[in-house]
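Below you'll find the structure, written out as structure tokens, and then a few comments.
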Amino acid sequence: MKKPPGPRMTIPVQLVLRALLAEPGQEMYGLQICAAAGLPSGTIHPILARFEKLEWLESRWEDAVPQDEGRPRRRYYHLTEDGAERARIALAQATTSLATLGLRPRPASGLT
Amino acid sequence: MSRLPPLHVPPVAIASLNDPTSIADVRDLAIAITNAVTKIQANVRDLGPDSTLGVGLGQALTSDLNLARTLADTCGREILDLGRALTRANALARDLGATGVLASDSAFSDSAPDPDLDLALDLARDLARAHGLANDLALALAHNLDSAHAVRKQRGAGRVTPLAGRLLAAAAHLLPAGDRARYAEEFRSELAEIARVKARRRPQLAYAARQVASAWRLRADLRAPRARKAAP
């Protein structure tokens, strides 16, 4: 049986996975993931969409009511249990070494 | 001439101009200052044309009264222009202070005739009172001007740049119809977050431009067939 194609482990992809794996159980919204991965805002949605297709990631709208919060709802992402395991394997197998390139993801944090 | 009775100006405490009562207090205070200066000018006028003190103070008080009337007019307008009122209150306070110094100097001048000494002191006292009122008004206006700036700044934070909003709408429009609404809302949410945290226009536009630039890529990823649990 033909193995389904996996994601290309580009540097941004690795950075996003590392950021998500930093606290696999924690939900993060797009800008948080950008900040944690050290990537500019507005660049990660194609990556997140790819991992959602692969079912490594799940997302949901936050429960907050926009009128109460005074802002639109956030979309929260988290790695599935299976996705986290596959992400670890993918990162371990990634041929590109972030350390060699001198790139390290920032610790997960908010926007501040 | 007998001593002048001290000016009676009821105290006016102005805490905040956020409510109409306080704005009415500002107007009352501006009018009270005008009335005080008018009274002082009347007292000076009563000194007669031969009074050295009267001649010296008369001209200064005419100028003070004009400033006080302009200030009262500014404060009496339907929409209170805090900046303009503050400028005028400061100018009036400064001029009343100078007129008060002139009255004191006249009182202690070697050439001043004795009968003028007490009058000059009374006028200096009343001018100091009027000066204090003008200062109070200027301080209240300055305090509220600061608050108004802070409120404006606070309101500015979180304001989404319309152009960024339009760019994001365009980016969402490039996506498959079934995903458009979800990403449009997600983009708006992130833009609102950037606007709230950074407030400035440039980061918002940069974010929106990056979404537009990556929209085709996102569209391709969303249109790709679903691959289940692929291994890398």
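The values are calculated or read from the model by the stated rules, or taken from the named source; none is laboratory data. Here the structure is a predicted model, which means the values were calculated and not measured. So basically every Cβ, Gly included, is an ideal-geometry build from the backbone, and we count neighbours across all protein chains shown. Each accessible area value is taken on the protein alone, full model and side chains, heavy atoms only, with ligands, DNA and RNA left out. Shrake-Rupley method; radii C 1.70, N 1.55, O 1.52, S 1.80 Å.
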Q. How much accessible area is lost when chains B and A come together, counting both sides, with a 1.4 Å probe, in Å² rounded to the nearest 100?
A. 3000 Å²
Q) So what's the net charge close to residue B:168: Lys and Arg +1, Asp and Glu -1, counting the other residues with Cβ under 12 Å from its Cβ? A) +1
Q. Counting only other chains, what is the mean number of Cβ atoms within 10 angstrom of the Cβ of each residue in peptide B:210-219?
A. 4
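Which peptide among A:73-83, A:22-32 comes first, and what is the full order, when sorted by highest mean count of other Cβ atoms within 10 Å?
Working: A:73-83: 18.9, A:22-32: 17.2.
The densest-packed peptide leads the list: A:73-83, A:22-32.
Is the shape of segment B:24-138 best called rounded, prolate or oblate, per the rule: a/c under 1.5 gives rounded, else a/b larger than b/c gives prolate, else oblate, with a ≥ b ≥ c the square roots of the Cα gyration tensor eigenvalues?
Verdict is prolate for segment B:24-138.
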Q. Going by average Cβ neighbours within 10 Å, how do the peptides B:159-171, A:48-60 rank, with the highest at the top?
A. A:48-60, B:159-171
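In peptide A:70-79, what is the residue-averaged number of other protein chain Cβ atoms found within 10 Å of each Cβ?
The shielding value for this peptide is 4.
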Q. When you count, for each residue, the other Cβ atoms within 10 Å and take the mean per peptide, how do B:133-145, B:172-184 rank with the highest first?
A. B:133-145, B:172-184
Q) What is segment A:5-89's relative contact order, in percent, from Cα pairs under 8 angstrom and six or more apart in sequence? A) 32 percent
